[in-house]
Every structure is written in C-alpha cells, then in structure tokens.
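Notes for the one structure printed next.
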Amino acid sequence: ELKEQIPAEETKAGNATIRSQRSQQNAENVPDFSAYANVRQKKQAFFEFMLPLIRKANTSIREERAELEYMVARLDQNQSLSPTEHQRVNKLFKQYRFKVPFKVQAADVEELLERVDIVPASLVLAQAANESGWGTSRFATEANNYFGVWCFTTGCGVEPRNRDDGLTHEVAYYGSVQEGVSAYIHNINTHGAYEVLRMIRAEQRYSQNHYMGFQLADGLVHYSARGEEYVLEIQQMIRTNNLHEYTLPTPSSA
C-alpha cells in the first residue's frame with residue numbers, strides 16, 4: 001500500500017481514461033512485471049525498462065543546465081543577455097518555481113542552477129522500485145505513477161482505497177511512464193521539502209563518484225511519513241541492488 005507522502009506538485013489529468021492510459025503503456029512497451037516468477041529477472045526487466053526513461057528526462061535537464069551555464073559565463077563577463085535569452089531564462093525561473101528577478105544577474109542564475117540538475121539514476125530506480133512494488137502497484141499500472149506522487153484536483157488521479165478520513169488527495173495520473181518520471185524529477189527539483197537534497201547535490205556535483213544517489217537519499221526524509229526509516233530503506237535498496245552501477249561517474253551523466 002502506498003506510503004503517506006507530503007503534498008507534491010499539483011497535476012491535472014483532465015478527462016484521461018484507462019483506455020488512453022493503456023494505449024500509452026502499449027506504446028512504451030511496459031512489461032507485465034507481475035508475470036515474472038523469478039525475482040532476479042523481474043528486477044532486471046524493471047531496470048532495463050526504467051533506465052532509458054530516466055536518462056531521457058535527465059538529458060532534457062542537462063540541456064537546460066547548459067543554457068544557463070552559458071548565460072552565467074556571459075553575465076560574469078559583463079555581457080548583456082539578448083531579449084531572447086532574457087525570455088528563456090525568465091521561463092526557466094518560472095518553470096522551476098523560482099522568483100523571477102527584476103534584473104537577471106549571474107548570482108541569480110547560479111542559484112537557479114541548484115534546481116536545474118539531474119537526479120542520479122540509482123536514486124530514481126530505488127524510489128521507483130520501492131514506491132511501485134517493482135512496477136506492480138495499482139498506481140503504477142492504472143496511473144503510470146511509479147513514485148506515489150499526490151495531486152489535489154478532483155479527477156487528477158486515482159483515489160487511494162484506504163485514504164484517511166478528511167484527506168482529499170489522489171495519486172496523480174500521468175499519460176505515460178515517461179511523463180511520470182519527468183514529473184517526479186521536477187518535483188524533486190522544485191519542492192521545498194527537498195531543499196536539503198538539492199544542497200547535498202550541489203556540494204557533491206563535481207566529485208564525479210558513482211555513489212551520489214546514495215548520499216542524496218539523506219534529503220528524502222520528508223518523502224514519506226516514515227522519515228529516516230524510509231531514507232535507510234532507499235539506501236539499502238541502492239546498496240543491495242548495486243544501483244550505483246547505473247549512475248555514470250561524470251557530473252553531466254544520469
């Protein structure tokens with residue numbers, strides 16, 4: 001059953017139907033993870049399915065980060081940004097839920113860069129496996145939600161069966177697993193509850209080690225009501241499944 005989570009970003013699903021969700025799953029060739037009797041094979045299939053989705057989401061973020069780093073270099077040299085660049089950087093400020101400065105300076109963009117960064121594949125895989133029961137949970141199969149992300153608009157997702165009285169959240173629906181992965185990473189990069197995680201990431205960014213995902217898990221204490229116990233569980237999943245092997249060693253990799 002889904003662990004209780006802090007309120008995550010609001011997600012609107014509109015009039016999405018199970019039929020359209022199934023067609024998206026078919027397009028992504030989502031395996032039937034519940035059909036695997038061999039645990040090792042099930043895990044391997046899960047990793048092989050999820051890893052390209054994670055890397056695609058991280059590639060998009062790397063491209064945005066490269067744009068911002070170029071702008072920082074320009075601003076550090078006292079060069080003015082073009083109107084197009086101003087428009088672009090302001091869009092990224094809004095996209096990453098950061099206050100748009102009156103006059104963009106290098107320090108502002110550098111602060112934004114703490115949010116515009118990848119989430120290591122090892123951490124994403126561990127949380128996806130944990131929250132979705134290795135892709136078999138109701139929320140994974142019915143809503144493409146492998147991370148237990150909540151939403152707060154009626155009809156935005158799937159209603160939990162054992163929701164406590166007085167709570168109105170739903171588990172967010174996504175049109176594809178790829179969309180769900182990207183939304184989860186965006187949530188990690190923007191939600192106030194994960195500021196510590198982003199601080200750890202900024203400090204560790206240039207260490208070029210495989211184990212950053214393990215270290216970043218320390219910043220997930222608010223992801224579950226179980227707090228530190230949840231953090232230790234995610235770190236144990238990374239360790240026992242050697243998930244650091246899926247995290248490439250360079251700062252620009254997944």
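Could you state the accessible area per residue of the stretch 58-115 in Å², with a 1.4 Å probe and every protein chain left in place?
On a per-residue basis, 63 Å².
Per residue of the stretch 234-239, what does 6.51 cos²θ - 1.76 cosθ + 1.60 with θ = phi - 60° give for ³J(HN,Hα)? Whole Hz please, x for Gly and Pro, Karplus curve as stated.
The phi angles translate into 5, 5, 5, 5, 5, 5 Hz.
So what J values fall out for the stretch 219-232 if you push phi through Karplus, 6.51 cos²θ - 1.76 cosθ + 1.60 with θ = phi - 60°, rounded to Hz, Gly and Pro as x?
Result, ordered by residue: x, 9, 4, 9, 6, 10, 5, 7, x, 4, 4, 5, 4, 4 Hz.
Starting from 0 in steps of 10 Å, tell me what percent of the Cα-Cα pairs of the stretch 72-194 lands in each bin.
Spelled out per bin, shortest first, that is 12, 34, 26, 18, 9, 1.
What percent do you get for the relative contact order of the stretch 37-127 when only Cα pairs under 8 Å and 6+ apart count?
The normalised contact order for the stretch 37-127 reaches 41 percent.
Using 0.36 nm times the number of residues separating LEU51 and ASN29, minus their current alpha carbon distance, what extension gain do you get?
So the extension gain works out to 6.6 nm.
Rounded to two decimals, what ratio of Rg to Rh does the stretch 185-226 give with C-alpha atoms and a Kirkwood Rh?
The Rg/Rh ratio comes out at 0.97.
In percent, how large is the relative contact order of the stretch 156-241, given Cα pairs closer than 8 Å and 6 or more residues apart?
Averaging sequence separation for qualifying contacts and normalising by length gives 18 percent for the stretch 156-241.
In nanometres, what is the gap between the two model label sites at TYR206 and THR154, each 7 Å from Cα along Cα-to-Cβ?
Label-label distance for TYR206 and THR154, simple model: 5.3 nm.
Carbon and sulfur: what percent of the stretch 58-122's accessible surface (1.4 Å probe)?
With neighbouring chains kept in place, the figure for the stretch 58-122 is 48 percent.
On the first, second and third principal axes, largest extent first, how far apart are the outermost C-alpha atoms of the stretch 42-141 in Å?
Principal-axis extents of the Cα atoms in the stretch 42-141, largest first: 54, 20, 20 Å.
When you count, for each residue, the other Cβ atoms within 10 Å and take the mean per peptide, how do 27-35, 135-143, 88-96, 49-57 rank with the highest first?
Per-residue Cβ counts within 10 Å, averaged per peptide and sorted highest first, yield 135-143, 49-57, 88-96, 27-35.
Full extension from GLU111 to ALA73: what is 0.36 nm times the residue separation minus their Cα-Cα distance, to one decimal in nm?
12.3 nm
Considering amide H positions built from the backbone, and no H for Pro or chain starts, which residues 5 or more places from TRP150, or on another chain, come under 5 Å of its amide H?
Those qualifying (amide H under 5 Å, at least 5 residues apart or on another chain) are ALA8, ALA172.
Where does the Debye-calculated log10 I(q)/I(0) of the stretch 74-125 sit at q = 0.19, 0.23, 0.27, 0.29 Å⁻¹, using only Cα point scatterers of equal weight, no solvent?
For the requested q values the scattering log ratios are -0.67, -0.88, -1.10, -1.22.
On the accessible surface of the stretch 136-236, probed at 1.4 Å, how many percent belong to carbon and sulfur atoms?
Carbon and sulfur atoms account for 50 percent of the accessible area of the stretch 136-236.
Sort 185-192, 240-247 for me by packing, meaning the mean count of neighbouring Cβ atoms within 10 Å per residue, highest on top.
Peptide ranking by packing, descending: 185-192, 240-247.
Working only with C-alpha atoms, what are the Rg and Dmax values of the stretch 22-101, expressed in angstrom?
Reported Rg and Dmax, both Å: 20.2, 62.
The values are calculated or read from the model by the stated rules, or taken from the named source; none is laboratory data. Model, not experiment: these values are computed from the prediction. Please note: Cβ atoms are built from the backbone with ideal geometry, for glycine as well, and neighbour counts cover all protein chains shown. Areas reflect the complete protein model, heavy atoms only, side chains present, ligands, DNA and RNA absent. Shrake-Rupley method; radii C 1.70, N 1.55, O 1.52, S 1.80 Å.
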